[in-house]
Each structure stands twice: as C-alpha cells, then as structure tokens.
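What follows is a set of notes on a single structure, which appears directly below.
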Amino acid sequence: MFRQISLVCLLAFSSHCKGQDVIPQCPLSVPGLTWEFKDGRDQAIMAIPTRDMCYLECLNTAGCAGATWQLNDIAEGICFLFKEIEEYQPCHFCESAKAPLPVNDVCNAPEDDVLDIQDVKNQLDCIDRCARKSGECQFYSYFGEESILPNKCMLFKSCEDVTNAEGCPDIHSGEIQCFMPPQCSDYKILDHFTRKDTFRQFHLCDTNDNIENIASPDWDEDGWYRVKGEAGSYIPEYEVPFQSCGTVHSGYLKDTHPVMYGETKNATVCFTDADEPCAFEKEIQ
C-alpha cells in the first residue's frame, strides 16, 4: 500500500508480485537497456529493419553474447552485436536480448525431459518456443534447413548429455537466458504491518524528509520497491478507504499489474480523501 508522498515520482516493484494471472514466459528481451559498446570488439550493422532480424544476426555470429536493436530514422535500424555484456546502461528506442549459452552437439535427454518437437521458421522461433514454457524448458536443439531434420525444434528440460553431431551440419543447441530487468533483483522492501488496508491507526508518510513520527519506517527514498511480508504481497487494484494503511491519504493502483514475467509497466496510483476516492494521482512504474 502506498501513502501520500512528497515527490512526484515513486517507483514500485512491478514484476510478477501479484502472483496471479501471470503469463509464465521467460522474457528474452528488455526495452530501454543495452551494454557498453567498444570499437574493435563489438559490431554495428546498419539498415536492419526489425528487432528479430538483429537477434538472428547475433545467433549467426560466432562469439556474440548479446544484441541491441535501435530504431533509427536515417539507417532504418541499427543492430549492435556485443562480444561481452557487462553492466547495463540506458538507451532510447532500443531493445536488447542475450544470446543463448551454446551447447556443443545435440542434447541427448531422457524421454521424460523431452518436452516437445515442433516445426519452426528459424532458430529464433525455436528459442521463443522454449521461452514460452518458462519453468520447464531450459534447452533446445534447432535443426536448420541444411540439416537431417529441416526446421525442427526439440525442447528439453535438461541437457546433461549430448550426442556427437559431427558430420551433421546446421544443428544448433543452447541454453536460453531469461532477460530480467535489474529491478527484478535489485529493489528495496516495503514490509511494515501498518501498510495493510485494514490498519486504521497512525498517520505515516512515504517521504524523503526525515520527520520524526511521520516518515514511514520502511521507506528509503525513491527507487524500486517490492511489497512483501506483513505489508502484503502487491499493491491493491481496488479502492481503499480514506485514513487506512497507517496514513491519511491511502493509495491504491488505478491500473492493473503487468501480466508478463519481467514486464515493466507505467501505472497510476490514486490517493483518497474524505470526499473523493481518487482525489489526486501519482505516476509510477
């Protein structure tokens, strides 16, 4: 639960905190983030019109650890291929993906660990099929157009053993990497019992001003937060009463939570007063 705050911007943990109605898919890409580009090590390819074409360039380039596709009016689109991916940095009109961890040869898993064999368009399509089975599929083997099983995709839970594919061209195996934005693991905690919507005492406030008996005990300046513990598990999506949650102007989410793992969403928090259920609003993510 959010309380009245003194700053315009409040960032809230917004991944799959709600714990229901979430699509179980491993996110393969993240918008707005990239890595440091170094001349001589990394590569920039001009006139790449789509994100998927950029990711395929990475899959077909030896040693590519990740790719960023950036929309560009002059060059139609630029594809940046990285040999090394280290700390994140922001970028505009861009989206990035990590390359799968390569597996030599073909996965040779027990029958119970073979999830499916599907027809696909290309290796990226095969990786995407695996990502849709988040929590189950971790490895894949893609058979290209020049292979013995053209455009087949095998999905696996594990890949402890491999079959030597020497002499069998155009077979690609790997371990997919879910690309969670940094705020999914680097966040602060809101867990004080006074945040429950049933709590009717105290008049605390989420503020950066260190005001005795007013500042919330679990508030630590602006940033990414996760609601947990005695505070609950997610921001309510329903109207909460005035003077509840241990504050005067109680806050609740006017919008819905994200439905994809790792998704970041712009949303609005409403704050109540004695006469209006949404007397004023604050934008969050």
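For q = 0.16 Å⁻¹, what log10 I(q)/I(0) does the chain give under the Debye formula with an equal point scatterer on each alpha carbon and no solvent? Once normalised to I(0) and log-transformed, intensities are -1.13. Relative to the Cα centre, the charge distribution of region 149-277, modelled as +1 at Lys and Arg Cβ and -1 at Asp and Glu Cβ, gives a dipole magnitude of about 380 debye. Of all DSSP bridge pairs formed entirely within region 126-285, close to 80 percent run antiparallel. Taking a straight Cα-Cα cut-off under 16 Å and skipping sequence neighbours fewer than 8 places away in the same chain, the lysines within cross-link reach of Lys196 are Lys18, Lys228. Taking 7 Å steps out from each Cα toward its Cβ at Asp73 and Ala279 produces label points 4.5 nm apart.
Of the beta bridges in the chain, as assigned by DSSP with both residues counted there, near 90 percent are antiparallel. Taking only alpha carbon atoms, region 141-245 gives an Rg to Rh ratio of 1.37, where Rh is the Kirkwood radius. When the P(r) is computed for region 115-155, the part past 15 Å accounts for 28% of the Cα-Cα pairs. Length gained on full extension, Glu175 to Glu36: 47.7 nm, using 0.36 nm per residue less the C-alpha separation. Only Lys, Arg, Asp and Glu carry charge here, each on its Cβ (+1 for the first two, -1 for the last two); on that basis the chain has a dipole of about 420 debye about its Cα centre. The peptide list 171-178, 71-78, put in order of mean Cβ contacts within 10 Å with the highest first, becomes 171-178, 71-78. For region 42-91, the square roots of the Cα gyration tensor eigenvalues, ordered a ≥ b ≥ c, give a/c of at least 1.5 with a/b no greater than b/c, which places it in the oblate category.
When only alpha carbons are used to place a centre, region 36-72 and region 114-130 end up 22 Å from one another.
Taking 8 Å as the Cα distance limit and 6 or more residues as the minimum spacing, I'd like the relative contact order of the chain as a percentage.
This gives 25 percent for the chain.
Tell me whether region 65-133 comes out rounded, prolate or oblate; compute the Cα gyration tensor, take square roots of the eigenvalues as a ≥ b ≥ c, and use a/c under 1.5 as the rounded threshold. In terms of gyration-tensor shape, prolate. Full extension of the chain segment joining Thr198 with Met53 gains 47.1 nm, where the gain is 0.36 nm per residue of separation less the Cα-Cα distance.
Values in this text are rule-based calculations from the coordinates and carry no lab data. This one's a predicted model, so the numbers in the text were calculated from it and none came from an experiment. For neighbour counting, all protein chains shown are included, and Cβ atoms are generated from backbone atoms with ideal geometry for every residue, glycine included.
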